[in-house]
Amino acid sequence: MGSPGTGRFGRGLHPRRTPLYGVALLLTVMISGLWVHDLPWAALRVIAYIVLFLLATTGFVMTFRDLS
């Protein structure tokens, strides 16, 4: 971990890393939604869309957490 006041960050602690992970999660959800659309059972599609919605919400919060 870097010293306070030096502007250095420890490995994995950079503040811009979390929005990057959020964008990657959102892209993964969008691509997975294309696969879920082709599932044969409606009940399985509903469950998968609910899980994808929760993951997309998490990705959205991770991406836009610093815009307050």
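The values are calculated or read from the model by the stated rules, or taken from the named source; none is laboratory data. Everything quoted here is computed from the prediction, not taken from an experiment. So basically every Cβ, Gly included, is an ideal-geometry build from the backbone, and we count neighbours across all protein chains shown. The protein model used for the area step is the full one, side chains on, heavy atoms only, and it has no ligands, DNA or RNA in it. Shrake-Rupley method; radii C 1.70, N 1.55, O 1.52, S 1.80 Å.
Things worth noting here:
- Exclusive hit being outside any loop (DSSP other than H, G, I, E, B), touching a helix residue (DSSP H, G or I) at 6+ places or on another chain (Cβ under 6 Å), open to solvent by 60 Å² or more (accessible area, probe 1.4 Å) and modelled with pLDDT of 85 or more, set Leu55, Leu44, Leu26: Leu55
- Taken over the range 29-41, the criterion of being in contact with a Lys or Arg (Cβ under 9 Å, 6 or more places away or on another chain) and open to solvent by less than 80 Å² (accessible area, probe 1.4 Å) is satisfied by Val36, Leu39.
- Here is the figure for the range 58-68: residues that are in a helix (DSSP H, G or I), without any contact (Cβ under 8 Å) to a residue 40 or more places away in the chain and either over 18 Å from Tyr21 (Cα atoms) or polar (S, T, N, Q) (or both) total 1.
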